[in-house]
1. Length gain on complete extension for the stretch residue 135 to residue 42, per 0.36 nm per residue less the alpha carbon to alpha carbon distance?
2. Dipole of the range 2-135, Cα-centred, from +1 at each Lys and Arg C-beta and -1 at each Asp and Glu C-beta, to the nearest 20 debye?
3. Per DSSP H run of at least 4 residues, take -39500 (n - 2.57); add these up for the chain, divide by its residues and hand me the 222 nm value, nearest 500 deg cm²/dmol.
4. When 64, 32, 3 are ordered from fewest to most other Cβ atoms inside 10 Å of their Cβ, what list results?
5. State which stretch of the chain is the longest one without any exposed GluC sites (Glu not before Pro), exposure meaning a DSSP loop state and at most 16 other Cβ atoms within 10 Å.
6. Which whole-number percent gives the relative contact order of the range 2-135, counting Cα pairs below 8 Å spaced six or more residues apart?
7. Over the Cα atoms, compute the radius of gyration (one decimal) and Dmax (the largest Cα-Cα distance, rounded to a whole number) for the range 2-135, in Å.
8. Would you tally the net charge around residue 18, using a Cβ to Cβ cut-off of less than 15 Å, leaving residue 18 out, and scoring K and R as +1, D and E as -1?
Amino acid sequence: MSVRIQEADFDLGKELAEFHGDPRIGAVVAFVGLVRDSNDAARILEMTLEHYPGMTEKALAAIVSEAGQRWSIIDALVIHRVGRLRPTDRIVAVAVAAEHRGAAFDAGEFIIDQLKTRAPFWKRELTTAGARWVEARETDEQASERWQMG
């Protein structure tokens with residue numbers, strides 16, 4: 001299981017190649033999030049992501065650990081970029097390896113949903129209408145809440 005926070009871009013193909021060494025793996029599911037060029041109000045020119053070193057990695061590791069407790073996964077990778085990003089730049093990658101596709105899909109979706117609401121990142125957009133801090137979206141909260149065990 002690997003969690004990385006970095007400014008540099010990543011090569012998803014190279015990252016996924018690391019999953020092919022374990023013969024138990026029958027499925028690898030990957031998600032890549034990109035910086036969009038617009039929000040609800042204006043065109044995005046640039047986004048700056050900040051994080052709290054140490055705390056952010058621990059939060060992501062806890063999310064991956066929870067996914068491993070819920071589903072039978074063999075390996076997982078989370079890469080989240082920080083710093084200045086422009087539209088079309090890769091911002092996040094989540095990959096999950098498991099024996100079966102169902103566990104890989106579910107664990108991957110869980111990780112990204114939890115990452116959007118539980119990981120301590122701060123996003124500031126520079127738009128055609130000015131700069132603003134990005135607030136959590138209600139749809140992200142709803143996606144995260146559907147995984148709560150009750």
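Here, each number is a calculation from the coordinates, and none is a lab measurement. Nothing here was measured: the structure is a model prediction, and the numbers come from that model. Counting neighbours? That spans all protein chains shown, and the Cβs are built from the backbone with ideal geometry, glycine included.
1. Using 0.36 nm per residue and subtracting the Cα-Cα distance, I get 32.0 nm.
2. 280 debye
3. -10000 deg cm²/dmol
4. If I rank by nearby Cβ atoms, fewest first, I get 32, 3, 64.
5. Formally, the longest exposed-site-free interval is 8-98.
6. Computed over the range 2-135, the figure is 37 percent.
7. When restricted to Cα atoms, the range 2-135 yields Rg and Dmax of 15.6, 52 Å.
8. Here the count lands on -1.
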